[in-house]
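One structure below.
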Amino acid sequence: MNSKAHHCAGQRQGVTDPAAARESDTQGPINAATLAAHEKRGGSISGLFTPLERETRAALDTESAAHHLNREPQTLRVWACRQSGPIRPLRIHGRLAWPTDAIRQLLGVAQ
């Protein structure tokens, strides 16, 4: 199996636990463990993300982009793999980076 098909299938060699596979796919400082710990303490997930109007990064990690688009991170990964979503990510060293301006345009949010 080629490496692209392997990545797109969401499978990691040697990873049998789906939760571990999701954690290994995390692309930013906010990972599954951080989210779980924050929710356990009674915090809101939305409190962990910068409002899109104030976002200064040129591109967002998958978790942040998914939050703003009100989708699961895995949905965005499928969009990237199939090249089928309303926006296309950049691939930087094997990681997905979702252009902030494209997300703003899609949602009709002014900068």
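The values are calculated or read from the model by the stated rules, or taken from the named source; none is laboratory data. This structure is a prediction, so every number in the text was calculated from the model and none was measured. So basically every Cβ, Gly included, is an ideal-geometry build from the backbone, and we count neighbours across all protein chains shown.
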**Message:** Six or more apart or on different chains, Cβ atoms under 9 Å: show the pairs whose first residue is in the range 54-80 and without any contact (Cβ under 8 Å) to a residue 24 or more places away in the chain and whose second is assigned to a helix (DSSP H, G or I) and among the small types (G, A, S).
**Reply:** H67/S46; R71/A65; E72/A66; T75/A66; L76/A65; L76/A66
**Asked** Taking the range 54-96 on its own, how many of its residues are of a type in the set (A, V, I, L, M, F, W, C), buried (at least 18 other Cβ atoms within 10 Å of the Cβ) and closer than 20 Å to A110 by Cα?
**Response** 5
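Would you point out the residue of the range 94-111, among those that are of a type in the set (S, T, N, Q) and part of a helix (DSSP H, G or I), that is nearest to L48 (Cα to Cα)? It would help to see each step written out before you state the result.
We begin by selecting, within the range 94-111, every residue of a type in the set (S, T, N, Q); these are 100, 105, 111.
Those left that are additionally part of a helix (DSSP H, G or I): 100, 105.
Numbers: T100: 17, Q105: 22 Å.
Taking the candidates together, the pick is T100.
If we only count helices (runs of 4 or more DSSP H) wholly inside the range 21-93, which ones have 2 or more residues that are at pLDDT 65 or above and touching a strand residue (DSSP E or B) at 6+ places or on another chain (Cβ under 6 Å)?
Working: elements: 32-40, 62-69, 73-82.
Of the helices (runs of 4 or more DSSP H) lying wholly inside the range 21-93, those with at least 2 residues that are at pLDDT 65 or above and touching a strand residue (DSSP E or B) at 6+ places or on another chain (Cβ under 6 Å) span 62-69.
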